[in-house]
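Engineer: Before we start, here is the structure in question, set down as structure tokens.
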Number of protein chains: 2
Amino acid sequence: MLRALSEAGFSDTRARRAVVQALSESRTGATPADLLTRGRSLHAGLGQVTVYRTLEILEHLGLVRKLHQEDGCSSYATSSAGHAHHVICRTCRAAVEFEGCRIEEVLHEASARTGYKVESHFLELFGVCPACRRKK
Amino acid sequence: MLRALSEAGFSDTRARRAVVQALSESRTGATPADLLTRGRSLHAGLGQVTVYRTLEILEHLGLVRKLHQEDGCSSYATSSAGHAHHVICRTCRAAVEFEGCRIEEVLHEASARTGYKVESHFLELFGVCPACRRKK
DNA sequence: GTGAAAAATGAAAAAACTTTTCAATTTTCG
DNA sequence: CGAAAATTGAAAAGTTTTTTCATTTTTCAC
Ligand SMILES: [Mn+2]
Ligand SMILES: [Mn+2]
Ligand SMILES: [Zn+2]
Ligand SMILES: [Zn+2]
């Protein structure tokens with residue numbers, strides 16, 4: 001993630017490293033407020049604004065994706081792959097990516113039914129992760 | 001929508017009728033602020049709080065669904081069907097519902113790849129609506 | 001390495017959005 | 001028609017995000 005940032009021409013700064021690392025360590029996705037807290041343990045002077053700015057950059061680079069959950073749409077999870085989606089555990093919130101989305105038929109059907117030319121989609125799955133299932 | 005509201009035991013009030021009608025008239029989904037403006041043309045005294053409260057009720061009843069778009073997650077569109085998703089035009093923002101989502105294979109594959117037990121999903125498609133395509 | 005230019009930072013203020021409170025009004029129903 | 005219950009909306013409070021701008025940090029050419 002740091003590498004991609006500098007390859008995209010952004011400076012390598014302490015603040016950004018803190019945000020990036022805080023993000024990487026989160027299994028569940030993290031809000032800007034979460035990232036400020038976690039990030040400050042790595043760089044005490046970190047400011048909330050920089051968290052927002054770093055997220056914006058990472059999102060544009062496709063390194064991070066916003067999660068849209070029942071209780072809010074302000075958390076972000078890392079996104080290594082190109083086209084992929086997240087599956088989110090309803091119990092522990094663990095968010096993992098999965099690739100290989102074979103959703104073409106659904107898109108075609110939607111297109112046929114509505115007349116829209118479908119160009120992109122947003123898909124998020126919710127369920128229970130393996131660890132949480134074991135605990136039951 | 002009004003019928004469903006009263007069947008669910010809610011009073012039939014001028015404020016709610018204004019919000020409901022404003023919502024029904026919106027092709028693109030509407031934010032609470034939009035609904036206040038539009039709603040006030042039907043009931044001048046309408047308050048913003050009532051818009052929020054009405055949306056909350058309608059959402060719980062499944063009559064309205066939140067849209068999650070690039071520029072924000074605060075607009076709502078009516079939702080007649082049970083399980084359905086919206087397709088949103090990137091040009092004019094028209095949001096239409098489509099039913100008949102055959103997405104089971106994708107869910108199974110995601111489940112196999114991640115080990116999650118998938119219980120629900122959120123899907124939104126983006127593209128160009130028929131009217132906008134004609135204009136090109 | 002040095003130093004100037006460019007980029008980035010963060011505190012504070014402003015803006016935007018949402019929720020809570022509560023007295024007053026409206027609706028329901030016997 | 002009342003009385004009780006539900007609803008309303010202004011205002012205040014709370015929350016989140018964006019803007020500003022003086023200062024600091026990073027980069028890069030020498
Ligand atoms: Mn959202
Ligand atoms: Mn579906
Ligand atoms: Zn879990
Ligand atoms: Zn359109």
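The values are calculated or read from the model by the stated rules, or taken from the named source; none is laboratory data. Quantities reported herein were computed from a predicted structural model and do not represent experimental measurements. Note: ideal-geometry Cβ built from the backbone for every residue, glycine included; neighbour counts use all protein chains shown.
Engineer: Can you tell me how many residues within region A:94-135 are of a type outside the set (Asp, Glu), under 23 Å from the mean Cα position of the chain (by Cα) and assigned to a loop (DSSP other than H, G, I, E, B)?
Structural biologist: Counting residues in region A:94-135 that are of a type outside the set (Asp, Glu), under 23 Å from the mean Cα position of the chain (by Cα) and assigned to a loop (DSSP other than H, G, I, E, B) gives 6.
Engineer: Every residue in region B:99-108 that is facing chain A (nearest Cβ under 7 Å) and modelled with pLDDT under 80, please.
Structural biologist: Of region B:99-108, the ones facing chain A (nearest Cβ under 7 Å) are B:100-103, B:105-107.
The answer is B:Gly100, B:Cys101, B:Arg102.
Engineer: Could you please tell me which pairs satisfy a Cβ distance under 6 Å, a separation of 6+ or placement on different chains, a first residue in region A:102-122 that is more than 17 Å from B:Cys89 (Cβ to Cβ), and a second residue that is charged (D, E, K, R) and in a helix (DSSP H, G or I)?
Structural biologist: Nothing qualifies.
Engineer: With the requirement that a residue be surrounded by 15 or more Cβ atoms within 10 Å (Cβ to Cβ), facing chain A (nearest Cβ under 7 Å) and hydroxyl-bearing (Ser, Thr, Tyr), what does region B:109-136 give you?
Structural biologist: Correct list: B:Thr114, B:Tyr116.
Conditions (1) over 12 Å from the mean Cα position of the chain (by Cα); (2) surrounded by 19 or more Cβ atoms within 10 Å (Cβ to Cβ); (3) away from DNA strand D (no atom under 14 Å from the Cβ); (4) under 26 Å from B:Arg65 (Cβ atoms), marked per residue:
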| position | (1), (2), (3), (4) |
| --- | --- |
| A:Leu5 | yes, yes, no, no |
| A:Asp12 | yes, no, no, no |
| A:Thr37 | yes, no, no, no |
| A:Thr50 | yes, yes, no, no |
| A:His60 | no, no, no, no |
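Engineer: Ok, one more. Looking for whichever is modelled with pLDDT under 95 and either more than 30 Å from B:Glu59 (Cβ to Cβ) or of a type in the set (Lys, Arg) (or both) here; the options are A:Gly47, A:Gly62, A:Gly39. Which one fits?
Structural biologist: Details: A:Gly47 fails: modelled with pLDDT under 95; A:Gly39 fails: modelled with pLDDT under 95.
It is A:Gly62.
Residue-wise test of (1) within 15 Å of ligand 2 (Cβ to nearest atom); (2) more than 30 Å from B:Arg16 (Cα to Cα).
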{"position": "B:Gly62", "(1), (2)": "yes, no"}
{"position": "B:Glu70", "(1), (2)": "no, no"}
{"position": "B:Ser75", "(1), (2)": "no, no"}
{"position": "B:Gly82", "(1), (2)": "yes, no"}
{"position": "B:Ala94", "(1), (2)": "no, no"}
{"position": "B:Thr114", "(1), (2)": "no, yes"}
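Engineer: Could you run through region B:63-109 and say how many residues are within 16 Å of ligand 1 (Cβ to nearest atom) and of a type outside the set (A, V, I, L, M)?
Structural biologist: Going through region B:63-109, the residues within 16 Å of ligand 1 (Cβ to nearest atom) turn out to be B:64-77, B:79, B:85-86, B:88, B:93, B:95.
Checking the rest, the ones that are also of a type outside the set (A, V, I, L, M) come to B:65-66, B:68-76, B:79, B:85-86, B:93.
Count: 15.
Engineer: Note down all Cβ pairs under 6 Å where the first residue falls in region B:78-89 and is at positive phi and facing chain A (nearest Cβ under 8 Å), the second is away from ligand 2 (no atom under 12 Å from the Cβ) and outside any strand (DSSP E or B), and they're at least six residues apart or on different chains.
Structural biologist: Nothing qualifies.
Engineer: Mind telling me which of the residues B:Glu70, B:Glu97 ends up being away from ligand 3 (no atom under 16 Å from the Cβ) and surrounded by 15 or more Cβ atoms within 10 Å (Cβ to Cβ)?
Structural biologist: Values: B:Glu70 fails: surrounded by 15 or more Cβ atoms within 10 Å (Cβ to Cβ).
Just a single option satisfies the conditions, and that option is B:Glu97.
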